[in-house]
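K.L.:
Below is a structure I'd like to ask you about.
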Amino acid sequence: MSNLLKPRLAIDMDEVLADAHRALVVFQRDTYGYELLDEELDGRKIQSLISAEHAKKMEELLHRGDVFRDFEVIAGSQAAVLRLMDRFDVFVTTAAMEYPASCAAKLAWLYQHFPFIPRLNIVLCGDKSILAADLLVDDNQHHFERFGGQGVLFSAPHNRRSTWPVRVEGWDDAVEYLEAWHAVWEKTQHGRIQS
């Protein structure tokens, strides 16, 4: 692959690298006493299972932004991203403009847990259709609607009932899919260079 450019891989942050879901379930439990089970959350957002007042308080927490600094790392994501960086130009692309006060916390979280991702490869954005990447791994399929590359739906409790042609169940599955995609891409690129 010596003279080939790497394809661009965009990876979402929340629910793909950072476990926002678990943190918000814990917040609801510790603050309001909700015992939200994964079976209840299957295909639903937390907001649909709590009172409107408690959903508003959760939104306020997210809009303050600090909570984004404390999320746990999604299992396997660090090793997977490191491995994928051999084959892809990896970018973390987070829709931070949904919660503008989260930007500093998100950057601090990434610097702590993913220090090997170049800082210039971190994209804080709103509408992800602006991204010029070959693939986007995201837990929200609405980000794929106008995205020019291949959307890869990363399974999360809230999207279990969503249909999307390419879905991965965790990072082992994601690496397998992305490496297979890369193998096809590489053959295509070698064919172009030789002709």
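Please treat every number below as a calculation from the coordinates, not as lab data. None of these values were measured; they are calculated from a predicted model. Every residue, glycine as well, gets a Cβ built from its backbone with ideal geometry; the counts of neighbours run over all protein chains shown.
K.L.:
If each of LEU124 and ARG69 carries a label point 7 Å out from its Cα toward its Cβ, how far apart are those two points in nm?
P.N.:
So the two model labels end up 1.3 nm from each other.
K.L.:
Another question, if that's okay. Classify the stretch 3-103 from the C-alpha gyration tensor, please: rounded if a/c falls under 1.5, else prolate or oblate depending on whether a/b exceeds b/c.
P.N.:
Details: a/c = 2.81, a/b = 2.04, b/c = 1.38.
Here the stretch 3-103 falls in the prolate category.
K.L.:
Counting only other residues whose beta carbon sits under 13 Å from that of LEU49, what net charge do I get with K and R as +1, D and E as -1?
P.N.:
On the way: positive: ARG29, ARG44, LYS45; negative: GLU35, ASP38, GLU39, GLU40, ASP42.
Net local charge, LEU49 excluded: -2.
K.L.:
Something else now. How far is it, in nm, from the label point at PHE116 to the one at ALA101 when both lie 7 Å from their Cα along the line to the Cβ?
P.N.:
3.5
K.L.:
To continue, here is another question. For GLU40 and GLU59, compute 0.36 nm times the residue count separating them, minus their Cα-Cα distance, and round to one decimal in nm.
P.N.:
Details: separation 19, 0.36 × 19 = 6.84 nm, distance 2.03 nm.
Additional length available on full extension: 4.8 nm.
K.L.:
Separate question: Give me the net charge for the shell around ALA132: Cβ to Cβ below 15 angstrom, other residues only, Lys and Arg +1, Asp and Glu -1.
P.N.:
Values: positive: LYS6, ARG8, LYS128, ARG146; negative: ASP89, ASP127, ASP134.
Local net charge: +1.
K.L.:
Give me the one-decimal nm value for the distance between modelled label points at GLN47 and ALA183, 7 Å along each residue's Cα-to-Cβ direction.
P.N.:
Taking the two extended label points, one gets 4.2 nm.
K.L.:
Could you work out how far helix 20-32 tilts from the main Cα principal axis of the chain, as a 0 to 90 degree angle to the nearest 10?
P.N.:
That works out to roughly 0 degrees.
K.L.:
Sticking with this structure for a sec: Can you tell me the orientation of helix 103-113 relative to the chain, as the angle in degrees between its alpha-carbon axis and the longest Cα principal axis, to the nearest 10?
P.N.:
Helix 103-113 sits at roughly 60 degrees to that axis.
K.L.:
Now, a different point. Compute the relative contact order of the chain as a whole-number percentage, counting only Cα pairs closer than 8 Å that sit 6 or more residues apart in sequence. Kindly include the intermediate steps, with their values, before the conclusion.
P.N.:
Working: 266 pairs, mean separation 54.4, N = 195.
So the answer I get is 28 percent.
K.L.:
Percent antiparallel among DSSP beta bridges with both residues in the chain, to the nearest 5?
P.N.:
Values: 2 of 19 bridges.
Given both bridge residues lie in the chain, the antiparallel proportion sits at roughly 10 percent.
K.L.:
Follow-up. How far is the Cα center of the stretch 131-170 from the Cα center of the stretch 28-75, in Å?
P.N.:
22
K.L.:
Classify the stretch 22-69 from the C-alpha gyration tensor, please: rounded if a/c falls under 1.5, else prolate or oblate depending on whether a/b exceeds b/c. Please list the in-between numbers first.
P.N.:
Details: a/c = 1.68, a/b = 1.50, b/c = 1.12.
Verdict is prolate for the stretch 22-69.
K.L.:
Next up: Using Cα-Cα distances under 8 Å and only pairs 6 or more residues apart, what relative contact order does the stretch 78-172 have, in percent?
P.N.:
Details: 105 pairs, mean separation 21.0, N = 95.
Dividing the mean separation by the residue count of the stretch 78-172 yields 22 percent.
K.L.:
Between the DSSP loop rule and a limit of at most 13 other Cβ atoms within 10 Å, which GluC sites (Glu not before Pro) in the stretch 118-195 are left? Please list the in-between numbers first.
P.N.:
On the way: sites: GLU145, GLU169, GLU176, GLU179, GLU186; in loops: GLU145, GLU169.
Here the GluC sites (Glu not before Pro) that fit, given the DSSP loop and packing criteria, are GLU145, GLU169.
K.L.:
Out of the GluC sites (Glu not before Pro) in the stretch 23-108, which ones are loop residues according to DSSP with at most 15 other C-beta atoms within 10 Å? Walk me through the numbers before you get to the answer.
P.N.:
Values: sites: GLU35, GLU39, GLU40, GLU53, GLU59, GLU60, GLU72, GLU98; in loops: GLU35.
Those that pass, being in a loop and sparsely packed, are GLU35.
K.L.:
Give me the net charge of MET97's neighbourhood, meaning all other residues with Cβ under 12 Å from the Cβ of MET97; Lys, Arg count +1, Asp, Glu -1. Write out the running numbers ahead of the final one.
P.N.:
On the way: positive: LYS106, LYS128; negative: GLU98, ASP127.
So the surrounding residues net to 0.
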